[in-house]
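Bear in mind that the values in this text are calculations on the coordinates, not laboratory data. Given the structure is predicted, the values throughout are model-derived calculations rather than measurements. Positions of Cβ are backbone-derived with ideal geometry, glycine not excepted, and every protein chain shown enters the neighbour counts.
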Amino acid sequence: MDIKKIVHDWLLASNAYEIDNYLEKWHKDAVLDDPSVGQVFKGHVGIKRYFEDYFIGYKTKTRLINLEIISNSAVHLDVEFTGQFPEGKIGGVFDLIFKDGKILSAKANLV
């Protein structure tokens with residue numbers, strides 16, 4: 001499994017607002033926990049809502065600052081978000097766990 005390629009392709013789909021391609025990167029049983037919005041999103045239905053509300057809705061673009069591979073199935077990302085939200089630009093992190101070449105678990109937060 002090429003974690004760097006998966007992350008790269010995931011960010012490309014996100015920044016292009018390609019919902020189907022974005023969801024394709026997520027495992028069907030994925031869970032995304034984002035304390036910055038106070039919610040946990042489960043499965044493709046929940047993650048689609050998260051993506052539509054917080055990325056498409058705010059025209060959010062994500063720039064990778066640093067990628068740290070923790071193991072053959074886990075990665076930590078430092079990112080920068082820009083978009084149509086009050087701050088205009090803000091730092092963030094993603095801690096991702098992969099299964100079967102897809103994102104199984106994500107912890108997202110703003111910094």
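Mind counting the residues in region 47-75 that are out of contact with any Asp or Glu (no Cβ under 7 Å at 6 or more places or on another chain), closer than 22 Å to residue 100 by Cα and surrounded by 13 or more Cβ atoms within 10 Å (Cβ to Cβ)?
Qualifying residue count for the region: 6.
Please work out which residue is farthest from residue 78 (Cα to Cα), limiting yourself to region 5-28 and to residues that are of a type in the set (Phe, Trp, Tyr) and touching a residue at least 40 places away in the same chain (Cβ under 8 Å). Talk me through it step by step, then tell me what you get.
Taking region 5-28 first, the residues of a type in the set (Phe, Trp, Tyr) are 10, 17, 22, 26.
Keeping just the survivors that are touching a residue at least 40 places away in the same chain (Cβ under 8 Å) gives 10, 26.
On the way: 10: 14, 26: 19 Å.
Among those that are of a type in the set (Phe, Trp, Tyr) and touching a residue at least 40 places away in the same chain (Cβ under 8 Å), it is 26.
Considering every residue within region 98-106, establish whether at least one is surrounded by 13 or more Cβ atoms within 10 Å (Cβ to Cβ) and either of a type in the set (Asp, Glu) or farther than 22 Å from residue 24 by Cβ (or both).
no
For residue 89, state whether it is without any contact (Cβ under 8 Å) to a residue 12 or more places away in the chain and loosely packed, with under 13 Cβ neighbours inside 10 Å. Quick ask: steps written out before the conclusion?
Values: without any contact (Cβ under 8 Å) to a residue 12 or more places away in the chain: yes; loosely packed, with under 13 Cβ neighbours inside 10 Å: yes.
Considered against the rule, which asks whether it is without any contact (Cβ under 8 Å) to a residue 12 or more places away in the chain and loosely packed, with under 13 Cβ neighbours inside 10 Å, residue 89 comes out as yes.
Just checking, does region 94-108 include any residue being more than 13 Å from residue 14 (Cα to Cα), touching a Pro at 6+ places or on another chain (Cβ under 9 Å) and of a type outside the set (Asp, Glu)?
yes
If you check residue 95 against the conditions, is it surrounded by fewer than 17 Cβ atoms within 10 Å (Cβ to Cβ) and free of Cβ contacts under 8 Å to residues at least 40 places away in the same chain?
On the way: surrounded by fewer than 17 Cβ atoms within 10 Å (Cβ to Cβ): yes; free of Cβ contacts under 8 Å to residues at least 40 places away in the same chain: yes.
It is true that residue 95 is surrounded by fewer than 17 Cβ atoms within 10 Å (Cβ to Cβ) and free of Cβ contacts under 8 Å to residues at least 40 places away in the same chain.
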